[in-house]
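Asker: Would you mind keeping the following structure in view while I ask a few things?
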Amino acid sequence: MRGTKPESRNGSEDVVVKRAVCPHDCWDTCSMLVHVKDGRAVRVMGDPDHPVTRGYLCVKTNHYEERVYSPDRVLYPMKRVGPKGAGQFERISWDEALTTIAARFRAIIAEYGAEAILPYSYAGTIGTLQYGSMDRRFFHRVGATRLQRTICSAAGSAAVKSVLGVRMGPDPEDMVHAKLIVVWGVNVISSNPHQWPIIQEARRRGATLVVIDPYRYKAAREADWHVSPRPGTDAALALGIMHVLVREDWLDRDYIERYTTGFDHLARKVAEWPPERAAAVTGIAADDIVRLARLWWESRPAVLRVGYGLQRHTNGGSTVRAICMIPGLTGHWRDRGGGFLLSNSGSYGLNSDALERPDLMPTPAPRTVNMIELGKALTELQDPPIKAIMVYNSNPASVAPNQSRVLAGLSREDLFTVVHEQLFTDTCKWADIVLPATTQFEHTDLMTSYWHLYVQLNEPVIEPLGEAVPNTELFRRLARAMGFTEPCFSDSDEDLIRQALSSGSPYLEGITLERLREERSIKVNRPAAPFAEGGFGTPSGRLEFYSEALAAAGLDPVVEYTPPAESVDGSPELAARYPIALITPAAHHFLNSTFANLPRMMEREGAPTIYLNPVDAEARSIRSGDWVRVFNDRGSVRLQARVGDWSQPGVAISPTIWWSRFMPDGVGINVLTLDQPADMGGGASFHTNLVQVEPAEPPVEPSR
Ligand SMILES: Nc1nc2c(c(=O)[nH]1)N[C@H]1C(S)=C(S)[C@@H](COP(=O)(O)OP(=O)(O)OC[C@H]3O[C@@H](n4cnc5c(=O)[nH]c(N)nc54)[C@H](O)[C@@H]3O)O[C@H]1N2
Ligand SMILES: Nc1nc2c(c(=O)[nH]1)N[C@H]1C(S)=C(S)[C@@H](COP(=O)(O)OP(=O)(O)OC[C@H]3O[C@@H](n4cnc5c(=O)[nH]c(N)nc54)[C@H](O)[C@@H]3O)O[C@H]1N2
Ligand SMILES: [Mo]
């Protein structure tokens, strides 16, 4: 229990220090202190009292005021006055905006049916209310096409659910007790900066750090051991490790017997994966695979800290399934701080049905569109075609894969596009109507994390800028304009928070809005080692090495390695033309496309970059600092090369996501990326791409 008041004065008379919570789509969900002077946020700091934030923020949010007051802020409703995509807009009133949207929606529904309307949103904020509440109610009531929100974590989530039944793992604060931490496909320096001091503390107490990542980024360099697999081959690595565990009988037979099911199926499967076979697939020496298995078996507690990077491949579901099974064999779930952690999202138990009201949907339920296939949906879908898209919490013109196809869709003259945004993004350019959105400093939200275990309350610290409104208020207004009379469209943000907390989940026991107002941050009542004595959320109640549900869905009920769709093994002909595997992970100074318009962040990030291995660079006469053209059948971008030991030969890395307007040729990295759904959950495949690289002219105007 923390008694810190939500508001206090600092030394200077006219500065008030207020609490806020970072809203961004990131593991850390930090507690912030905002210095407010004359109604303006002037300084932002990490909350020193918060056990996870520990007084510091990341490089991006340290100057959050620069984002809030950016000259790119959208302050008023606007309508398009020039040709589609030309970026000419004129200010209009909220009345005119709402009347126009409601009239267009009604006309489209009358002519094509409600499924011709598509909402498009993701996690511009992960706040419970602004991520998904009133908006979901609205589109359910409309009967619009439903969006499958797959762009980030869908393959891994489906995989974890199939093995554990619930997205949960150890409390990250307990990882200080671990004797082995395996950081597997998560960039703990850039994407999860507060994991790093926990790892460092564990190492001071004697822990070994292993990083498994094709990208030799900072943590990989500082690790005790860096293991660099070929992208998209981690399932083979995990199968090889499990082969050794079974062969050597490095098994917790009691745990397997009591709390798991399907061991015999798995044992037969891993028998086919001796380390030599896994080595040939992954590029990791067979001896190293044995050494990894031994290190895992001999270390207690030990944890697999797995990230979303490794599931952004066409085989991402089976990859996560395979890795997730390892602690079930060895009983590492028994220990505090041990086991496997991809996501702790299942640790909160908020009442999402009350927030989203799926009961408002017509029957039968409307069709769905997978958000990573946006380009296809806008250009090919019929019966009915998509005639209107409403974008909020997302910047699809920059972030969605196969960008050329997305832009072909967004440029359709007959498509009615509404964008609710804080900043004038690449997507706004394609809008018919742009609406102003508040930032976290201007609205209320209930925050959870997908990594730590604190529920936090964010309340506004400044007045809304211009005529900006929160997502919840926008959809209240739209519901009125559409003539919806259900009382749920009048719920206030406070009502929504109470409804979210009303699930009756034991994790939330005693956590109320009143207590949150007082304490701001409260840890959920969740066991520290959630599966120490079983308690899995699967149909069998056990950890499932074999899944009946997957078998029924026509998927492999155990697990198998399949090469990524674009790879030397998966598509040899394509690989002959495009020999380089390109992964496009998180940039240190951006958060997806967020922050990527701020001069300070662009300055620090440098230029749109590709990291090349010396072997690949020399073969092409490319030196560090040269500009190169990176291309495949989907498109082409220019990037600046950096040559070094960043990866194995044949693997390149480009940190993302630069806005297209700051790219040399006006298109972003996602012209190269694949819009093929992964093997589970319809997930994204941003890191499965084959490309060719060749020298190019430097841009006439450097990217800024
Ligand atoms: N600074 C910063 N922080 C962020 C974000 C950001 O863009 N910038 N994005 C936020 C969001 S939305 C998310 S989902 C998370 C994402 O955070 P992460 O889970 O860290 O996801 P990525 O950056 O895609 O990839 C993480 C790591 O996986 C590696 N990787 C790629 N392919 C493979 C593979 O086949 N095998 C293995 N073993 N590793 C692989 C990449 O090289 C990278 O180092 O971070 C959040 N935090
Ligand atoms: N090549 C490549 N592409 C990727 C990835 C990758 O690793 N490589 N990562 C993918 C991942 S992990 C993700 S999660 C997606 C993320 O894709 P997006 O969800 O589109 O995330 P952002 O780029 O951060 O853009 C979010 C937008 O929401 C806006 N926003 C923020 N808060 C609010 C609000 O309260 N209301 C409204 N109306 N708008 C708001 C922000 O201003 C911002 O423009 O990108 C994916 N794209
Ligand atoms: Mo994400």
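Asker: Using the structure shown, list the pairs from Lys161/Lys376; Lys84/Lys387; Lys79/Lys376; Lys79/Lys429; Lys84/Lys376 with a Cα-Cα distance above 21 Å, or answer none.
Answerer: Going by Cα-Cα distance, Lys161/Lys376; Lys79/Lys376 fall outside the 21 Å limit.
Asker: With all protein chains present, calculate the accessible area of Phe484 using a 1.4 Å probe and round the result to the nearest 10 Å².
Answerer: Only protein atoms counted, so the area is about 30 Å².
Asker: State the answer as a single residue: which of Phe489, Ser398, Val281 lies farthest towards the positive end of the charge dipole of the chain, with beta carbon charges of +1 for Lys and Arg and -1 for Asp and Glu, about the Cα centre.
Answerer: The residue sitting most towards the positive pole is Ser398.
Asker: Which aspartates and glutamates have a Cα lying under 17 Å from the Cα of Lys18, excluding residues fewer than 8 positions away in the same chain?
Answerer: Glu7, Asp38, Asp47, Asp49, Glu65, Glu442, Asp445, Glu459, Glu463, Glu518, Glu519
Asker: Counting only heavy atoms of the protein chains, get the accessible area per residue of the chain (1.4 Å probe) and round it to a whole Å² value.
Answerer: 35 Å²
Asker: Taking 0.36 nm per intervening residue step and subtracting the Cα-Cα distance, what contour gain separates Asp264 from Thr363 on full extension?
Answerer: Length gained, Asp264 through Thr363: 31.4 nm.
Asker: I would also like to ask the following. Projected onto the charge dipole of the chain (+1 at Lys/Arg Cβ, -1 at Asp/Glu Cβ, origin at the Cα centre), which of Pro77, Ala223, Gly331 gives the Cα projection farthest towards the positive end?
Answerer: With unit charges placed on the Cβ atoms, the residue in question is Ala223.
Asker: Could you give the size of the charge dipole of the chain about its Cα centre, using +1 on the Cβ of each K and R and -1 on the Cβ of each D and E, expressed in debye and rounded to the nearest 20?
Answerer: Dipole about the Cα centre, nearest 20: 540 debye.
Asker: Looking at the P(r) of the range 7-68, how many percent of alpha-carbon pairs lie beyond 13 Å?
Answerer: Pairs farther apart than 13 Å: 59 percent.
Asker: With loop defined by DSSP as not H, G, I, E or B, and exposure as at most 14 other Cβ atoms within 10 Å, which is the longest segment of the chain clear of exposed GluC sites (Glu not before Pro)?
Answerer: That gives 14-247 as the longest site-free run.
Asker: Helix-only mean residue ellipticity at 222 nm, the chain, DSSP H runs n ≥ 4 weighted -39,500 (n - 2.57), per residue, nearest 500. What is it?
Answerer: Roughly -8000 deg cm²/dmol at 222 nm, from the helical runs in the chain.
Asker: With all protein chains present, calculate the accessible area of His443 using a 1.4 Å probe and round the result to the nearest 10 Å².
Answerer: Roll a 1.4 Å probe over it and His443 shows about 10 Å².
Asker: Leaving out ligands, DNA and RNA, what percent of the accessible area of the range 442-582 is carbon and sulfur, probe 1.4 Å?
Answerer: Carbon and sulfur together cover 52 percent of it.
Asker: Please calculate the 1.4 Å probe accessible area of Thr444, with all protein chains present, and give it to the nearest 10 Å².
Answerer: 30 Å²
Asker: Next question, about the same structure. What distance in nm separates the two pseudo spin-label positions at Lys218 and Arg517, each 7 Å out from Cα along the beta-carbon direction?
Answerer: So the label points at Lys218 and Arg517 sit 4.0 nm apart.
Asker: I've got another one for you. Please report, to two decimal places, log10 I(q)/I(0) for the chain at q = 0.05, 0.09, 0.10 Å⁻¹ as given by the Debye formula with identical point scatterers on the Cα atoms and no solvent.
Answerer: Each listed q maps to, in turn, -0.23, -0.79, -0.99.
Asker: Output the relative contact order of the range 7-68, whole-number percent, from Cα pairs under 8 angstrom with separation of 6+ residues.
Answerer: 22 percent
Asker: For each cysteine in the chain, check whether another cysteine's C-beta sits under 4.7 Å from its C-beta; list those where none does.
Answerer: Cys26, Cys58, Cys152, Cys324, Cys428, Cys488
Asker: Below 8 Å between Cα atoms, with a sequence gap of 6+, how large is the relative contact order for the chain in percent?
Answerer: 20 percent
Asker: State the percentage of accessible surface on the range 7-68 attributable to carbon and sulfur atoms; use a 1.4 Å probe and exclude ligands, DNA and RNA.
Answerer: Carbon-and-sulfur percentage of accessible area, whole number: 46.
Asker: Report the label-to-label distance for Asp495 and Val81 in nanometres (one decimal), using points 7 Å from each Cα along the Cα→Cβ vector.
Answerer: Distance between the two pseudo-spin positions: 3.8 nm.
Asker: Still on this model: Can you say what percent of the DSSP beta bridges in the chain, counting only those with both residues inside, are antiparallel? Round to 5.
Answerer: Bridges in the chain that DSSP calls antiparallel: roughly 50 percent.
Asker: Check the straight Cα-Cα distances from Lys218 and name the lysines below 24 Å, setting aside those fewer than 8 residues away within the same chain.
Answerer: Hits, sequence-local ones excluded: Lys60, Lys179.
Asker: Between Glu257 and Asn62, what is the label-point separation in nm under the 7 Å Cα-to-beta-carbon projection?
Answerer: Inter-label distance under the simple model: 5.5 nm.
Asker: Another question, if that's okay. Please identify the trypsin sites (Lys or Arg not before Pro) of the range 349-411 that satisfy two criteria: DSSP loop assignment and at most 14 other Cβ atoms within 10 Å. Which are they?
Answerer: Sparse-neighbourhood loop trypsin sites (Lys or Arg not before Pro): Arg367.
Asker: Separate question: By how many nm would the segment from Arg91 to Tyr69 lengthen if fully extended, with 0.36 nm per residue of separation less the alpha-carbon distance?
Answerer: Extending this stretch completely gives an extra 6.0 nm.
The values are calculated or read from the model by the stated rules, or taken from the named source; none is laboratory data. In this text, all values refer to a predicted model and were calculated from it rather than measured experimentally. A quick note on method: Cβ atoms are made from the backbone with ideal geometry, for glycine too, and the neighbour counts reach across all protein chains shown. Heads up: the accessible areas ignore ligands, DNA and RNA and are worked out on the full protein's heavy atoms, side chains in. Shrake-Rupley method; radii C 1.70, N 1.55, O 1.52, S 1.80 Å.
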